[in-house]
Amino acid sequence: MIEQRYRTDILVVGAGPAGVAAAFRAAESGARVLVVDDNPQCGGQIWRADSKKALDKDATKWLDRIRDSSVKFLGGLKVFDRPEPGVMRAEGFDQVVACRFEKLILATGARERFLPFPGWTLPNVTGSGGLQALVKAGLPIEGKRIVVAGSGPLLLAVAGYLKERGAKIQIIAEQTRRFDLVKLGLRLLKCPKKLQQAFDLKMKLQGIPYLTNCWPVSASGRNAVESVTLQQGPKEWAVSCDYLACGFHLLPNTELAELLGCRIEKGSVWVDEFQETSVQGLYCVGESCGVGGLELALVEGEVAGWAATNLKEKARERFSERRKWRGFAAGLNRAFELRRELKKLPTPETFICRCEDVPFSRLQSEHSWRSAKLQTRCGMGPCQGRVCGPATEFLFGWKTESVRPPVFPVRLGSFVPSSAGDAPAES
Amino acid sequence: MLGHSKMTTAGFDVAIVGAGVVGAACALECARAGLRVIVLDRDPIGGGTTGAGMGHLVVMDDSEAQFALTRFSCSLWNERGVELPPEVEYQKCGTIWVAADEVEMAEVHRKQDFYSSRGVAVEVLDYRQLAEAEPNLREGLVGGLLVRDDSVLYPPCATRFLIEKAQQQGAVLRLNSTVASLGSHGPVLSDGSVVSAGITVNAAGISSPQLVAGIEVQPRKGHLLITDRYPGFLNHQVVELGYLKRAHSVTSDSVAFNVQPRKNGQILIGSSRQYGNREKGIDALLLRQMIRQATEYMPELKNLSTIRAWTGFRPATRDNLPFIGPHPNNENICLATGHEGLGITTSLATAELLVDQLLKRPSKIPYEPYLPGRSGERRADA
Ligand SMILES: Cc1cc2nc3c(=O)[nH]c(=O)nc-3n(C[C@H](O)[C@H](O)[C@H](O)COP(=O)(O)OP(=O)(O)OC[C@H]3O[C@@H](n4cnc5c(N)ncnc54)[C@H](O)[C@@H]3O)c2cc1C
Ligand SMILES: Cc1cc2nc3c(=O)[nH]c(=O)nc-3n(C[C@H](O)[C@H](O)[C@H](O)COP(=O)(O)OP(=O)(O)OC[C@H]3O[C@@H](n4cnc5c(N)ncnc54)[C@H](O)[C@@H]3O)c2cc1C
């Protein structure tokens with residue numbers, strides 16, 4: 001295994017919109033900027049490279065900016081540990097990277113929230129963004145019947161995308177109440193850009209039933225999902241499908257920030273007005289410090305990129321725009337709050353922790369995340385509670401605990417630097 | 001000790017502070033003896049050092065006293081092995097002590113004599129047999145000693161099993177209860193209430209010195225790592241022999257190659273020992289040394305996917321023997337603490353010796369070496 005060492009002024013972890021904007025603005029001042037992402041390419045979740053479709057204007061603009069700047073991008077690397085202050089380690093397919101930095105900007109984005117219900121672990125039951133990513137990577141979807149369910153604006157974006165790619169969207173089931181969506185709709189009137197996006201999406205999704213107050217109660221099938229049972233009010237019915245794309249809004253990825261000792265508040269990384277976390281010299285931008293969509297991610301990235309290079313006045317100029325998008329984000333997150341009925345979905349046999357095969361019945365007698373972990377090994381598998389942690393928080397009100405390295409599973413050897421003699425010089 | 005005057009009518013005969021493996025074992029032994037017993041813990045069952053440890057049940061021979069205790073306790077575990085439920089993951093996989101050079105091979109033979117003359121089944125392995133037993137060990141090792149009856153288990157579930165068994169026999173468990181001090185009528189909780197008991201057993205692990213004066217138990221930090229599942233990669237608990245030399249240095253940090261197969265194919269990788277470090281966080285430098293040591297013996301470990309690293313604190317005494325029995329200056333208080341890196345192993349024997357003393361029963365092995373006021377401990381003090 002080769003070990004590469006780097007030294008940079010600013011290290012950005014995550015090359016989604018937030019990381020890209022931060023890196024670009026930081027590099028403007030002449031700072032050396034290095035961006036590392038698990039994905040082989042820049043773009044994050046929303047600007048994920050698509051084998052069949054060109055990216056939109058916004059995406060092209062920002063990705064071109066980065067390409068033409070002095071920013072160095074390293075793809076295919078997961079950042080997993082901070083062996084000492086000022087150094088991060090990342091693992092790739094055939095290499096390990098150690099990067100020494102002056103300042104760090106975390107732009108690790110969000111992931112989908114999964115809630116357990118009978119059948120949620122069947123093959124072809126995926127996250128909604130998860131299915132989109134698979135299709136972008138080449139999964140053939142034409143003519144496939146898809147039920148999109150869960151919560152959040154992502155359902156609509158994904159359904160629109162899959163439809164464009166020739167899938168047959170059976171239905172979109174949104175758990176939230178119609179009333180909450182109407183309130184959100186009224187907010188949209190104040191954001192022309194968002195209103196336009198919503199309108200475009202509506203046109204794209206014409207002819208597809210979009211049901212609110214509706215959620216999946218079970219999925220079934222022999223070798224993979226064949227049918228989903230949906231519930232809306234007193235009504236329950238089955239819809240047959242080839243895929244169930246199901247996610248319940250988004251959760252900030254805070255693990256790396258937690259490992260570095262940053263304060264976490266209400267599930268997001270806490271930041272000050274310059275996007276600096278409770279740890280000095282460490283910034284956080286985009287969804288990891290609060291789910292808020294593309295526009296907010298971009299503006300937060302710009303603020304941090306400037307602030308980290310001491311261009312605080314420039315950063316300040318973007319505060320009012322950030323305020324606008326934060327307001328919108330708050331409305332959005334309220335509108336997609338989870339309803340209590342979803343806590344009743346698991347049956348005693350439903351696996352809550354799919355890494356360690358821990359069923360709901362084994363968790364009911366536990367009193368805390370810690371005791372559940374110790375006694376049932378819930379959350380002790382390769383995902384380290386990323387999936388079942390938020391699920392048990394919702395189901396039982398448990399608080400998950402300490403993050404320990406590695407933040408992602410890595411080869412044991414990746415922890416250990418090659419000895420001084422055979423290591424390449426820092427570049 | 002638990003004669004007549006000490007037996008309270010209202011409260012409990014015995015209150016145990018700590019629902020780690022030691023407190024749990026003591027609770028069961030008390031309940032079996034018909035004593036009215038309550039167990040108190042501020043945290044979940046096994047949430048202290050017990051939840052961070054490795055669960056290797058191992059006969060050790062640093063001293064005759066350590067040998068007697070570990071051997072007695074291992075035989076108790078083996079007797080009960082059959083009744084342990086599947087989640088305890090009890091497995092009689094045996095230990096292999098690995099010798100890397102001729103000096104360590106001499107230690108293998110010494111150990112063989114020591115164990116076999118005391119009736120413990122051991123087998124010397126030459127380099128070929130060693131490679132057969134553990135194909136992933138590196139080439140060039142000299143041999144090893146196989147101790148067949150050593151075993152492994154998953155400590156938190158073993159602890160819960162002991163507690164639940166005690167509860168079935170009348171013991172009371174009270175979690176979320178922080179003990180503030182040990183009064184003469186029983187433990188005083190942080191809300192000021194007293195749990196009335198004739199005898200209080202301090203089984204609070206590394207926190208035990210905070211509850212009574214006059215004992216020294218130091219936290220000795222250890223690191224562990226766990227891998228994803230690789231069934232068949234490892235068959236025994238495998239420990240290097242150099243371990244003995246380094247592990248007991250009180251002054252310097254040390255690491256040792258010590259790996260354990262879990263029933264589901266995961267591999268636990270240890271271990272380190274550090275004094276004077278009370279930080280819960282990972283010490284990156286030591287972790288690296290530990291990994292280097294492990295991959296030095298088992299190079300293929302390098303390529304296994306690692307899920308998590310963590311730390312735990314062993315409750316260490318000066319002479320590496322636990323405190324089992326009445327406090328030297330306070331007859332209402334008994335100690336069951338200071339088990340260092342062997343508390344999972346020695347918990348069952350500890351419980352028997354403790355209750356033997358409480359009820360003045362004859363004990364199966366002498367309990368004097370583990371008495372809190374022992375001279376060895378005093379001498380080490382000087
Ligand atoms: C699965 C999913 C699909 C989505 N699809 C859409 C969509 O179709 N339309 C839409 O409008 N919005 C979508 N969103 C929301 C969108 O991501 C946000 O609105 C916004 O763009 C977030 O930008 P970001 O830069 O904060 O995060 P992201 O775009 O999520 O970028 C974070 C990046 O950090 C990287 N990363 C995280 N941790 C590490 C680490 N330890 N080491 C290395 N790299 C790391 C990730 O690989 C990722 O590329 C999606 C979100 C998710 C979770
Ligand atoms: C890395 C590592 C590896 C190990 N490997 C092995 C091994 O392979 N084999 C082996 O036999 N041993 C091993 N050990 C040692 C073993 O884990 C310990 O000796 C054993 O767990 C000690 O158990 P205990 O019950 O005394 O302490 P603990 O498990 O710490 O229990 C004490 C309990 O007391 C409670 N408590 C403390 N103070 C209070 C208070 N004031 N009020 C209420 N409750 C309180 C705590 O919450 C805790 O639950 C290892 C230890 C470590 C750290």
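The values are calculated or read from the model by the stated rules, or taken from the named source; none is laboratory data. What you see is a predicted model; the values in this text were computed from it and never measured. So basically every Cβ, Gly included, is an ideal-geometry build from the backbone, and we count neighbours across all protein chains shown.
Candidates are the residues of region A:123-142 that are more than 21 Å from A:Glu174 (Cα to Cα) and more than 18 Å from the chain's Cα centre (by Cα); the one that is farthest from ligand 2 (Cβ to nearest atom) is A:Glu142. Scanning region B:268-283 for residues that are free of Cβ contacts under 8 Å to residues at least 60 places away in the same chain and away from every other protein chain (no Cβ under 11 Å) yields B:Ser272, B:Gln274, B:Tyr275, B:Gly276, B:Asn277, B:Arg278, B:Glu279.
Selection of region A:149-169 for residues being in a helix (DSSP H, G or I) and surrounded by 17 or more Cβ atoms within 10 Å (Cβ to Cβ) yields A:Pro153, A:Leu154, A:Leu155, A:Leu156, A:Ala157, A:Val158, A:Ala159, A:Gly160, A:Tyr161, A:Leu162, A:Lys163.
Scanning region A:364-375 turns up no residue that is within 23 Å of A:Leu230 (Cα to Cα), in contact with a helix residue (DSSP H, G or I) (Cβ under 7 Å, 6 or more places away or on another chain) and either assigned to a loop (DSSP other than H, G, I, E, B) or among the small types (Gly, Ala, Ser) (or both). Residues being under 24 Å from B:Gly48 (Cα atoms), surrounded by fewer than 17 Cβ atoms within 10 Å (Cβ to Cβ) and either within 14 Å of chain A (Cβ to nearest Cβ) or within 13 Å of ligand 2 (Cβ to nearest atom) (or both) are entirely absent from region B:152-162.
Count of region A:36-66 residues, restricted to those that are in contact (Cβ under 8 Å) with a residue 24 or more places away in the chain and away from ligand 1 (no atom under 13 Å from the Cβ), is 3.
Listed by first and then second residue, the pairs with beta-carbon distance under 7 Å, at least 6 apart or on different chains, first residue in region A:319-338 and farther than 14 Å from A:Ala297 by Cβ, second assigned to a helix (DSSP H, G or I), are A:Gly331/A:Leu184; A:Gly331/A:Arg187; A:Ala335/A:Asp180; A:Ala335/A:Leu181; A:Ala335/A:Lys183; A:Ala335/A:Leu184; A:Leu338/A:Phe394. Report yes if some residue within region A:97-115 is away from ligand 1 (no atom under 16 Å from the Cβ) and farther than 30 Å from A:Cys284 by Cα; otherwise report no. So far as region A:97-115 goes, no, none of its residues is away from ligand 1 (no atom under 16 Å from the Cβ) and farther than 30 Å from A:Cys284 by Cα.
Of the residues making up region A:170-219, those that are buried (at least 18 other Cβ atoms within 10 Å of the Cβ) and among the aromatic types (Phe, Trp, Tyr) number 1.
Being more than 27 Å from B:Gly373 (Cα to Cα), away from ligand 1 (no atom under 16 Å from the Cβ) and in contact (Cβ under 8 Å) with a residue 12 or more places away in the chain is the requirement here; does B:Ala158 meet it? The answer is yes for B:Ala158. Being assigned to a helix (DSSP H, G or I), within 11 Å of ligand 2 (Cβ to nearest atom) and either within 14 Å of chain A (Cβ to nearest Cβ) or at pLDDT 95 or above (or both) is true of B:Ile206. In region B:284-309, of all residues being within 10 Å of chain A (Cβ to nearest Cβ), of a type outside the set (A, V, I, L, M, F, W, C) and in contact with an Asp or Glu (Cβ under 9 Å, 6 or more places away or on another chain), the one that is farthest from B:Arg220 (Cα to Cα) corresponds to B:Ser305. The residues of region B:32-55 that are surrounded by fewer than 23 Cβ atoms within 10 Å (Cβ to Cβ), more than 14 Å from chain A (Cβ to nearest Cβ) and not in a loop (DSSP other than H, G, I, E, B) amount to a single one, B:Arg32.
Remark: pairs (first residue in region B:47-60, among the hydroxyl-bearing types (Ser, Thr, Tyr); second residue assigned to a loop (DSSP other than H, G, I, E, B); Cβ separation under 8 Å; 6+ apart in sequence or on different chains) = B:Thr49/B:Gly20; B:Thr50/B:Gly20.
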